[in-house]
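Okay, so here's the structure we're looking at.
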Amino acid sequence: MSEPNYPRHVAIIMDGNGRWAKKRGMPRAFGHRQGGEAVRKTVQAAEDLGLECLTLYAFSSENWKREEGEISDLMNLMRRFIEANLKDMIQRKVRLKIIGDYKAFAPDIVEKLEDALERTKDGTRTLAVALNYGAQAEIARAARLAAEEGTIDPDSIARHLYTADLPPLDLLIRTSGEVRLSNFLLWQSAYAEMLFMDVLWPDFSEDHLREACETFATRERRFGGR
């Protein structure tokens, strides 16, 4: 069980893999691999801290603009991550959820993702992974679906967001010291607390996540009130 004032739902923009690798004279692929290990540790830390939902920004719809070799490295990392961690997720009762248009990926990746979605569907905690995701496109999609039903208002749009079945977003973290949202969870972040941390993603640890949750617990959330 989480601490009384800890967030239920934390989202993270995992930034800094490339800079982490460059500081060590290594290729970006090395940074992405170490970032994958940070993901594994952070999922475990979220469980240890009692968080109900963790959402990670893994691959944006803009990431297709990167060099072909880097995209290939990211795709291979995704394959290996699923293969290496699926059994553990099932045992730990972690439900995988994908937000974004993941069906744009290679057929074998889509097959692995859908197998993982099916095999973890009864989990009691949620790991939501944003893949081929962009918040502006998500909002446009939700508005289009709402219009097809006949009413466009905040409630109808919210019902059609990828995150409709998740707890409201409480805390959004971005690593690497950058201070921007980068088209991530724009609608969901309307009243979320935000924390921008100087640590590069491969160095992110349970201590950093706990520090973020403790900072959140000290804040007074107003939701537009005085």
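The values are calculated or read from the model by the stated rules, or taken from the named source; none is laboratory data. Being a predicted model, the structure only gives us computed values, none of them experimental. All Cβ positions, glycine included, derive from the backbone under ideal geometry; neighbour counts span all protein chains shown.
The residue of segment 95-104 that is farthest from GLN136 (Cα to Cα), among those that are in contact (Cβ under 8 Å) with a residue 40 or more places away in the chain and not in a strand (DSSP E or B), is ASP101. Within segment 48-73, track down each residue that is basic (Lys, Arg) and either assigned to a helix (DSSP H, G or I) or within 19 Å of SER205 (Cβ to Cβ) (or both). Scanning segment 48-73 gives a single hit, LYS65. Among the residues here, LEU131 qualifies as out of contact with any His (no Cβ under 6 Å at 6 or more places or on another chain) and modelled with pLDDT of 95 or more. Does ILE71 satisfy being surrounded by fewer than 21 Cβ atoms within 10 Å (Cβ to Cβ) and of a type in the set (Val, Ile, Thr)? Criteria met by ILE71. Filtering segment 80-94 to residues that are assigned to a helix (DSSP H, G or I) and charged (D, E, K, R) leaves ARG80, GLU83, LYS87, ASP88. Scanning segment 22-50 for residues that are under 24 Å from GLU83 (Cα atoms) and hydrophobic (A, V, I, L, M, F, W, C) returns ALA29, PHE30, ALA38, VAL39, VAL43, ALA45, ALA46. Of the residues making up segment 4-42, those that are hydrophobic (A, V, I, L, M, F, W, C) and buried (at least 20 other Cβ atoms within 10 Å of the Cβ) are VAL10, ALA11, ILE12, ILE13, MET14, TRP20, ALA21, ALA38, VAL39.
Consider ILE90 carefully, then state whether it is crowded, with 17+ Cβ neighbours inside 10 Å and either under 18 Å from LYS121 (Cα atoms) or in contact with a strand residue (DSSP E or B) (Cβ under 8 Å, 6 or more places away or on another chain) (or both). Answer is no for this residue. So is GLY18 part of a helix (DSSP H, G or I), under 14 Å from the mean Cα position of the chain (by Cα) and not polar (S, T, N, Q) or not? When the stated conditions are applied, GLY18 does not pass them.
With respect to (1) crowded, with 18+ Cβ neighbours inside 10 Å; (2) within 18 Å of ILE99 (Cα to Cα), the lone exception for ALA137 is condition (1).
Considering segment 169-226, and only residues there that are acidic (Asp, Glu) and over 14 Å from ASP15 (Cα atoms), the residue that is modelled with the lowest pLDDT turns out to be GLU220. When segment 125-172 is filtered for residues that are part of a strand (DSSP E or B) and more than 23 Å from PRO7 (Cβ to Cβ), only ASN132 remains.
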